[in-house]
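Data first, discussion second: the structure below is written as structure tokens.
The values are calculated or read from the model by the stated rules, or taken from the named source; none is laboratory data. Please read these numbers as outputs of a predicted model, since none were measured by experiment. Ideal geometry is used to build each Cβ from the backbone, glycine not excepted, and the neighbour counts take in all protein chains shown. Please note that ligands, DNA and RNA were not included when accessible areas were found on the heavy atoms of the full protein model with its side chains. Shrake-Rupley method; radii C 1.70, N 1.55, O 1.52, S 1.80 Å.
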Amino acid sequence: MQNALVLSLLILLSVSCNKENKDYYQKNGKIKNVIFVIGDGMGPQQLSMLQLFAKHSQEEHFKNRVTNLEKLMAAGSLSTVMTNPGKNLVVDSSCSATQYSTGEYSLPEVVGLDHHGEVSKTILELAKEKGLKTGLVSDTRITHATPASFASHNTSRNDENEIAREMLEVGPDIMLSGGLRHFLPQNSTNDTELRGLIPSHISLKSKRKDDINLLEVASNKNYQLAFDKKSLEKTEKGKILGLFENSAMPDGIWHTQNKSKTDRVIPTLKEMASVALKNLEDSENGFFLMIEPGQIDWAGHRNDTGLLLHEMLRADELFGLLHEWMKGREDTLLVVTADHETGGFGFSYSGYDVLKPVKVTGEKFKGEDYRSNYNYGDFSTLDKIYKQSRSTQQLMSDVQKWPKEKQTIANMKEHFESHMQYSFSDKDIKKLMRSSKNEFYRPDHKNLKLKEVPHIEDFAAFYTYGNITRSNIFARVLGHKQSAVWATASHTSTPVTMITVGPKSLTQEFNGLLHSTEVGRKTIKALGLKKEYKTIIK
Ligand code: MG
Ligand code: ZN
């Protein structure tokens, strides 16, 4: 009897406690804001590189060696996401972003369409219809696959001129990235009026094939225009179109080298995200904001190990801003995920330069040195990778710009060694410069139309970006010294890690092994938005 009384008291107590402890999501049945981060190409191995560097580089690059990535992980829940298209094994960025943005299976290389080819409303469009404010931020181009897949619908991700036009029609309140070339009318290069408006660090070369001036269209739709850091900082509450480069924004190595410079004219990813959040945060009906650290993928495509580290460092700065911003907030769901892994990257053990025997103090080793059969990678490698001061693609394009007589083995060695912590042999340089017949030649194909291509010894079918592939050979030449391997110049099917931060009752709905379409549907539902889906997720 007494036990029953205690039990019922306990139940009463827990019921009333639950009532008081109800979180924002339980109380309202929806969340007010969503921040959706897509690290392009940010697979688990890319995360592990950041963590290893933070913990074990010789210098302490992070306060107490704690990354913002792990702070977010500690603050939220973790899940794993499959990203494949409905009918394929591997995904590209537009299909993956579309599956997140629409909750429907999509097709490779299409934007905002389901896998039947029908227009599918994105979370950004649904949010806008319900009076939420919306924004897109990327360190690539605003018309590039990932941001495009939230605010346009097109049969091809490459149709960036049309994507630019449609994005303005859909009209996210905030759009910050590169990609001016798709907004300028053709033949803008010497236009004095445009030159007066756009600072000199940005080329006015247009990609458009018509006279449509999308900057004018944007102004007429009440967008404030920003082309550099200063003008972005001066923007007021309201719509902003910020285009800070002709094409892509600068890479992660540039970011590391320039982020502290006071005269820097191009805003960083973190700065763009910060302006977006300040602008959207007091929106009465809430907001949806997608932010993309987009060039992790590009480092992956080029198998550029040094650049990859700097891209991850740039992404971690964004994570720091978001971690701070989320503190004490109950009304927001933060999702940090990736669209796929790029490059099949990993640190790997090898037979190269097997580490010398060392003394260890353990009982079992009494009188004996410890020796391993393989080289498991030395932490000092991380510092060497960090010190790479130019991307392999830029190193190669430097050489290609030299006059023929300058393109000697000695000059190349000197150039590469001045930007990387490794010495190059004659054999290495020859390997870097070797070409061979393109086995996959197709005259009508954007990237396969070269008859001769940089020579890749194995898995050549996965190295299909023409001359850019030359930069990938650095990974082959340096891999054993960096304890790093790359499997492909394209994407892999590796499931990606997802972090959700927000009310516990909501983040627990994201637990487990999910498909990207499910993440899309759950996020749409979390904002209290309604959508009818056509397909059943397998
Ligand atoms: Mg992208
Ligand atoms: Zn990619």
Check: Can we say Ser260 is modelled with pLDDT of 95 or more, closer than 24 Å to Gly306 by Cβ and hydroxyl-bearing (Ser, Thr, Tyr)?
Finding: yes
Note to self: Can you tell me which condition Ile253 does not meet? The list is (1) without any contact (Cβ under 8 Å) to a residue 60 or more places away in the chain; (2) hydrophobic (A, V, I, L, M, F, W, C); (3) farther than 28 Å from Lys133 by Cβ, and all the others hold.
What the structure shows: (1)
Check: For segment 168-194, which residues satisfy the criterion of being over 22 Å from Leu136 (Cα atoms) and open to solvent by 90 Å² or more (accessible area, probe 1.4 Å)?
Finding: Asn187, Asn190, Thr192, Glu193
Next item on the list: State all residues of segment 25-55 that are part of a helix (DSSP H, G or I), open to solvent by less than 50 Å² (accessible area, probe 1.4 Å) and away from ligand 1 (no atom under 16 Å from the Cβ); if no residue qualifies, say none.
Entry: Tyr25, Pro44, Leu47, Ser48, Met49, Leu50, Gln51, Phe53, Ala54
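Out of the residues in segment 85-107 that are in a loop (DSSP other than H, G, I, E, B) and either of a type in the set (D, E, K, R) or within 17 Å of Phe510 (Cα to Cα) (or both), which is farthest from ligand 1 (Cβ to nearest atom)?
Lys87
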Check: Based on what the data block shows, is Asp251 touching a Ser or Thr at 6+ places or on another chain (Cβ under 9 Å) and open to solvent by less than 40 Å² (accessible area, probe 1.4 Å)?
Finding: yes
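Table: residues versus (1) outside any helix (DSSP H, G or I); (2) not aliphatic (A, V, I, L, M).
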site: His415; (1), (2): no, yes
site: Phe424; (1), (2): yes, yes
site: Pro443; (1), (2): yes, yes
site: Glu457; (1), (2): yes, yes
site: Thr464; (1), (2): yes, yes
site: Ile468; (1), (2): no, no
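Restricting to segment 272-304, name every residue that is in a loop (DSSP other than H, G, I, E, B), more than 16 Å from ligand 1 (Cβ to nearest atom) and of a type outside the set (D, E, K, R).
Of all residues in segment 272-304, those in a loop (DSSP other than H, G, I, E, B) come to 281-286, 293-295, 302-304.
Checking the rest, the ones that are also more than 16 Å from ligand 1 (Cβ to nearest atom) come to 281-286, 303-304.
Ser283, Asn285, Gly286, Asn303, listed by residue number.
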Next item on the list: For residues that are in contact with a Pro (Cβ under 8 Å, 6 or more places away or on another chain), in contact (Cβ under 8 Å) with a residue 40 or more places away in the chain and within 9 Å of Leu180 (Cα to Cα), tally how many sit in segment 194-226.
Entry: 0
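Give me a count of the residues in segment 56-84 that are within 30 Å of Lys522 (Cβ to Cβ) and in a loop (DSSP other than H, G, I, E, B). Reasoning before the result, please.
Within segment 56-84, the subset within 30 Å of Lys522 (Cβ to Cβ) is 66-84.
Narrowing further to those that are in a loop (DSSP other than H, G, I, E, B): 66-67, 76, 83-84.
Counting residues in segment 56-84 that are within 30 Å of Lys522 (Cβ to Cβ) and in a loop (DSSP other than H, G, I, E, B) gives 5.
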Notebook entry, point to check: Can you name the residue in segment 284-302 that is open to solvent by 10 Å² or more (accessible area, probe 1.4 Å) and away from ligand 2 (no atom under 13 Å from the Cβ) and is also nearest to Thr469 (Cα to Cα) among such residues?
Noted result: Asn285
Notebook entry, point to check: Of the numbered conditions (1) touching a residue at least 24 places away in the same chain (Cβ under 8 Å); (2) of a type in the set (Val, Ile, Thr); (3) more than 16 Å from Gly300 (Cα to Cα); (4) open to solvent by 40 Å² or more (accessible area, probe 1.4 Å), Ile536 satisfies every one except a single condition; which is it?
Noted result: (1)
Item checked: Qualifying residues in segment 108-157 (those that are within 16 Å of ligand 2 (Cβ to nearest atom), part of a loop (DSSP other than H, G, I, E, B) and charged (D, E, K, R)) - the one nearest to Leu89 (Cα to Cα) -> Glu109
